[in-house]
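Worksheet for the structure shown next.
What follows draws every value from the coordinates through simple rules; no lab data is involved. Keep in mind that this is a model prediction, so the values were computed, not measured. Cβ coordinates were reconstructed from backbone atoms using ideal geometry, including for glycine residues, and neighbour counts include every protein chain displayed.
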Amino acid sequence: MELHNLTPMAGSTHKEKRIGRGEGSGRGGTSTRGLNGAKSRSGYSRKLGFEGGQMPLQRRLPKFGFKNVNRVEYKAINLYTLQALAEKIGVNAIDTATLVNSGLASKNDLIKILGQGELKAALEVTAHAFSKSAVAAIEAKEGKAIKL
């Protein structure tokens, strides 16, 4: 079987309905659009969400919530991830560039170190933010938590 001899399954495709080609075709005159009204005219398009004059769903439902423009979004990285990374590449200092190069964060991310998991080595970690438990765990292993 080659690409040039592939065809659709029998009965899965239909001939195009040719409309507006004279009365003899059976689909002339109004061209399957019915009689009068907006939908029979060319250029008609109904408003997005229009429900035939009924109050549309987006207006029936109440507004709620808000987006805090001052929110700071961090990329969360846990201690067990740092431990695995340190073992994999064999370093004792991890900064944002190391995390970006390993694919754990993108270059524009703000990075926060969280305290889940445990460290086995003394690491010098540089990040934008740390949780209290992460700082405690890093310093317990005589490492450093350096905040940017």
- With only helices counted (DSSP H, runs n ≥ 4, each -39500 (n - 2.57)), the per-residue ellipticity at 222 nm for the chain, to the nearest 500, works out to -5500 deg cm²/dmol
- Evaluate the distance, in nm, between pseudo-label points positioned 7 Å from the Cα of VAL100 and of GLU73 along their respective Cα→Cβ axes. 1.8
- Task: Could you tell me which label, among [x] 0.99; [y] 2.24; [z] 2.17, carries the value of Cα Rg over 2.2 N^0.38 Å calculated for this structure?
- Result: [z]
- Any idea how far the Cα center of segment 1-53 sits from the one of segment 110-146, in Å? 64
- Note on the structure: Tilt, helix 79-89 to longest principal axis of the chain (alpha-carbon atoms), in degrees rounded to tens, equals 80
- Note on the structure: For the table LYS88/LYS144; LYS63/LYS132; LYS15/LYS39; LYS39/LYS63; LYS15/LYS47; LYS67/LYS141, the rows whose alpha-carbon distance is greater than 28 Å are LYS63/LYS132; LYS39/LYS63; LYS15/LYS47; LYS67/LYS141
- Please give every one of the aspartates and glutamates within straight-line cross-link reach of LYS75, meaning a C-alpha to C-alpha distance under 14 Å, and leave out same-chain neighbours fewer than 8 residues apart. ASP95, ASP109
- Top of ASN101, ASN36, ASN92 by mean-square fluctuation, Gaussian network on the chain, Cα under 10 Å: ASN36
- Task: In a Gaussian network model over the chain where Cα atoms closer than 10 Å are linked, find which of GLU73, GLU16, GLU118 has the largest mean-square fluctuation.
- Result: GLU16
